[in-house]
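No value in this document is a laboratory result; all are computed from the given coordinates. Quantities reported herein were computed from a predicted structural model and do not represent experimental measurements. Methodologically, a virtual Cβ is constructed for each residue, glycine included, from the backbone with ideal geometry; neighbour enumeration extends over all protein chains shown.
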Amino acid sequence: MERFEKLINLVGKDKFNKLKNSNVIVFGLGGVGGYVVEGLVRSGIGCITLVDFDVVEPSNINRQIIALESTVGESKTMVMKQRVLQINPKCQVTTINEKIDAKNIDKIVFKKFDYVIDAIDMVTSKIAIIKKAKECGANIISCMGTGNKLDIKALEIVDIEKTSVCPLAKVIRKLLRQEGIKEVDVLYSKETPKANIVEKRPQSAIFVPAVAGLMIANFVIKKLMGL
């Protein structure tokens, strides 16, 4: 049976071919980004670039789709690439095993991508990616904070200017205004972050990052199909 037969029957051959001929890039392969890639590849995306500098750690196992006992210590880009090719051997996969910021972002040719997906945590990297994508006229969606949250129903995709509550969205919104950048689609949560009594770094369960990633993948897939 054709691995994408049920999707083709749902959306039609023409729309599926648009996905098959699309080229996307995903920055960040953590709790959100891993599920973004999963959703895109299982929908037949023909070409994908995976960007992450990190390795799988034991603390990732509770929420990241590529984090297993067998993958701890391995490069996230390589583990994700292997997973992608197990899902669809015909998918063309490129990996970039680097931390992307304003200093090296010019090495990535944004114009060749049909969609740019930002699932990185670092503010400086997010701004660099969004700025470059807008300069090149590339379609982009950026994920805001999913840490310290449990309510999947509070997630939504809106323009950055319509965000509220989310501390990360507040920072990104302010910096984009300073850069004169407008009309950026983001996924964010209206849920007030849970009090973090352990440490300053955000804590997380699987639910919100996973749903956020699949929502972003769904959004991008529909845009690519013209829906």
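Filter the range 184-210 down to residues that are of a type in the set (A, V, I, L, M), in a loop (DSSP other than H, G, I, E, B) and within 23 Å of LEU29 (Cβ to Cβ), then give me how many there are.
Our first condition is that a residue be of a type in the set (A, V, I, L, M); within the range 184-210, this holds for 184, 186-187, 195, 197-198, 205-206, 208, 210.
After this cut, where a residue has to be in a loop (DSSP other than H, G, I, E, B) as well, the list is 184, 195, 197-198, 205-206.
Okay, now just the ones that are also within 23 Å of LEU29 (Cβ to Cβ), so 184, 205-206.
Summing the residues that are of a type in the set (A, V, I, L, M), in a loop (DSSP other than H, G, I, E, B) and within 23 Å of LEU29 (Cβ to Cβ) in the range 184-210 gives 3.
Is one or more of the residues making up the range 211-220 outside any helix (DSSP H, G or I) and out of contact with any Leu (no Cβ under 7 Å at 6 or more places or on another chain)? Lay out the reasoning, then the answer.
Within the range 211-220, the first condition is being outside any helix (DSSP H, G or I), and the residues that meet it are none.
Within the range 211-220, none of the residues are outside any helix (DSSP H, G or I) and out of contact with any Leu (no Cβ under 7 Å at 6 or more places or on another chain).
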Original post:
Is at least one residue of the range 79-101 touching a helix residue (DSSP H, G or I) at 6+ places or on another chain (Cβ under 6 Å), farther than 16 Å from CYS47 by Cα and buried (at least 16 other Cβ atoms within 10 Å of the Cβ)?
Top reply: yes
Original post:
So, of the residues in the range 14-31 that are in contact (Cβ under 8 Å) with a residue 40 or more places away in the chain and among the basic types (Lys, Arg), which turns out to be surrounded by the most Cβ atoms within 10 Å (Cβ to Cβ)?
Top reply: LYS15
Subject >> Scope the range 98-127; condition touching a Gly at 6+ places or on another chain (Cβ under 6 Å) and of a type in the set (Val, Ile, Thr); matching residues >> reply: ILE120
Subject >> Unmet requirement for VAL56, which otherwise passes all of (1) closer than 16 Å to GLY28 by Cα; (2) surrounded by fewer than 20 Cβ atoms within 10 Å (Cβ to Cβ); (3) without any contact (Cβ under 8 Å) to a residue 40 or more places away in the chain >> reply: (2)
**OP:** Sort out which residues of the range 106-157 are surrounded by 15 or more Cβ atoms within 10 Å (Cβ to Cβ) and among the hydroxyl-bearing types (Ser, Thr, Tyr), and write them in order of number.
**Re:** TYR115, SER125, SER142, THR146
Original post:
Can we say SER70 is more than 18 Å from the chain's Cα centre (by Cα), outside any helix (DSSP H, G or I) and surrounded by fewer than 20 Cβ atoms within 10 Å (Cβ to Cβ)?
Top reply: yes
Subject >> Selection status of SER164, free of Cβ contacts under 8 Å to residues at least 40 places away in the same chain and assigned to a loop (DSSP other than H, G, I, E, B) >> reply: yes
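Does GLY34 fit the bill of being assigned to a helix (DSSP H, G or I), surrounded by 19 or more Cβ atoms within 10 Å (Cβ to Cβ) and of a type outside the set (Val, Ile, Thr)?
On the way: assigned to a helix (DSSP H, G or I): yes; surrounded by 19 or more Cβ atoms within 10 Å (Cβ to Cβ): yes; of a type outside the set (Val, Ile, Thr): yes.
When the stated conditions are applied, GLY34 passes them.
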Original post:
If you check ALA102, ALA67, which single one turns out to be closer than 21 Å to GLY147 by Cα and among the small types (Gly, Ala, Ser)?
Top reply: ALA67
Original post:
Pick from the range 174-227 the residues that are of a type in the set (Gly, Ala, Ser) and under 11 Å from the mean Cα position of the chain (by Cα): which of them is surrounded by the fewest Cβ atoms within 10 Å (Cβ to Cβ)?
Top reply: ALA210
**OP:** Select from the range 167-183 the residues that are farther than 21 Å from ARG201 by Cβ, part of a helix (DSSP H, G or I) and charged (D, E, K, R) and list them in ascending order.
**Re:** ARG173, LYS174, ARG177, GLU179
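Closer than 20 Å to LEU29 by Cα, of a type in the set (A, V, I, L, M) and in contact with a Gly (Cβ under 9 Å, 6 or more places away or on another chain): which single residue out of LEU168, LEU155 fits that description?
Details: LEU155 fails: in contact with a Gly (Cβ under 9 Å, 6 or more places away or on another chain).
Criteria check complete, one pass: LEU168.
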Original post:
Does SER164 satisfy the criteria of being among the small types (Gly, Ala, Ser) and either touching a Leu at 6+ places or on another chain (Cβ under 8 Å) or surrounded by 19 or more Cβ atoms within 10 Å (Cβ to Cβ) (or both)?
Top reply: no
